[in-house]
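For reference, the structure is listed below as structure tokens.
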Amino acid sequence: MSVGSVAVVVTEEIEVPSWDLYELSIPCTVFGKPQPDLADPWYDLRLCGTGAGARNGATADTGLALRTRYGLDDLADADTVIVPSVPDSCVEEGRPLPQELITALRRAYDAGARMVSLCTGAFALAEAGLLDGRRATAHWMHTAQLAERYPKVHVDDSVLYVDDGDILTSAGLTAGLDLCLHLVRRDLGAHVANQLARRMVVPAHRGGGQAQFIDLSVPDTDDEGLGPVLDWARANLDRPLTVEDLAQRAAMSPRTLYRRLRAASGTTPLQWLLNHRLARAQNLLESTDLPVEKIGELTGLGTANNLRHHFLKQIGVSPTDYRRAFPHATPEPPSSST
């Protein structure tokens with residue numbers, strides 16, 4: 001099966017140190033190195049530079065120079081177009097994206113290319129109008145700006161990536177790798193994607209619906225009444241703790257505890273407890289072979305069904321599917337204080 005060409009947009013402003021290099025390297029690693037024993041032919045990777053100096057090499061202020069054989073006009077000939085990121089100044093300061101890039105993205109889409117963004121690359125697809133009326137994501141640190149700047153886009157800040165058929169978007173950093181492996185899985189099947197992931201020493205598959213993160217906010221407060229009780233709660237997650245238990249431990253009323261924790265961390269006591277129980281469950285699923293039923297007990301979530309319910313609701317995948325991403329888990333002595 002021929003999988004065609006993958007064109008990766010290289011902007012002039014590659015900032016160092018920055019996430020830009022990491023996200024640029026992801027599609028180069030996944031699609032750029034031939035894997036003839038897995039699929040032949042492999043992808044034809046093309047780096048397409050922006051700006052007048054694209055074909056002669058563009059140098060950022062930091063001194064990094066990238067020389068590309070292809071320019072933006074070549075995007076229209078690609079089967080898949082990937083925008084790894086856009087300059088921070090276009091996201092944080094609202095500096096306009098190059099019009100030649102926006103025009104080239106529209107032409108590529110009109111020519112039938114599959115459009116992909118990693119992290120802030122979603123801003124380029126949105127500016128081109130390709131995300132209007134669609135569900136999309138980006139790194140959770142930038143989704144609020146994406147939603148405010150492009151109100152026609154249905155921004156989902158909770159998922160790793162969104163597959164909307166001919167347009168796919170991902171969150172930042174490693175979520176971009178998840179999406180690229182997902183593309184290989186779509187194109188060449190699960191076996192090829194799994195073998196490639198194994199060679200890269202990364203989890204074979206994390207579903208796009210998995211949550212980007214669980215909020216374990218540390219209260220930013222000088223209130224000495226909260227710190228000790230929260231430390232105690234973290235050490236006793238296996239117990240069926242209630243708000244009343246925490247309030248009694250903190251020597252304050254449940255109402256006062258609720259108000260102080262909400263002001264300090266932005267979350268309620270029950271949600272704070274649930275977040276830490278789930279984080280503990282993730283750790284046990286990653287590092288042990290304990291049964292789901294036992295993990296439910298150790299995290300204070302009780303039954304396996306209760307653990308599955310909250311895991312699916314908060315993280316987006318089942319505990320079993322989550323564990324499959326960590327096939328080399330080693331037994332860990334169960335401890336409620338870990």
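The values are calculated or read from the model by the stated rules, or taken from the named source; none is laboratory data. Computed from a predicted structure; not experimentally measured. Cβ atoms come from the backbone with ideal geometry, glycine included; neighbour counts cover every protein chain shown.
Of note:
- Taking each residue of the stretch 10-31 that is part of a loop (DSSP other than H, G, I, E, B) and looking for partners that are buried (at least 23 other Cβ atoms within 10 Å of the Cβ) and modelled with pLDDT under 85 with beta-carbon atoms closer than 6 Å, six or more apart or interchain, yields Ile14/Asp20.
- Selection from the stretch 226-282 of residues that are part of a helix (DSSP H, G or I), in contact with a helix residue (DSSP H, G or I) (Cβ under 7 Å, 6 or more places away or on another chain) and of a type in the set (Asp, Glu): Glu244
- Of all residues in the stretch 48-89 being part of a helix (DSSP H, G or I) and at pLDDT below 85, the one that is surrounded by the most Cβ atoms within 10 Å (Cβ to Cβ): Ala54
- In the stretch 145-157, the condition of being assigned to a helix (DSSP H, G or I) and without any contact (Cβ under 8 Å) to a residue 12 or more places away in the chain is met by at least one residue.
Each row is one residue, and each column tells you yes or no for (1) buried (at least 16 other Cβ atoms within 10 Å of the Cβ); (2) at pLDDT below 90; (3) not acidic (Asp, Glu).
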| site | (1), (2), (3) |
| --- | --- |
| Val159 | yes, yes, yes |
| Leu168 | yes, no, yes |
| Gly172 | yes, yes, yes |
| Leu177 | yes, no, yes |
| His182 | yes, yes, yes |
| His191 | no, yes, yes |
| Arg198 | no, yes, yes |
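- Some residue of the stretch 120-133 being closer than 17 Å to Thr50 by Cβ, in a loop (DSSP other than H, G, I, E, B) and modelled with pLDDT under 95: yes
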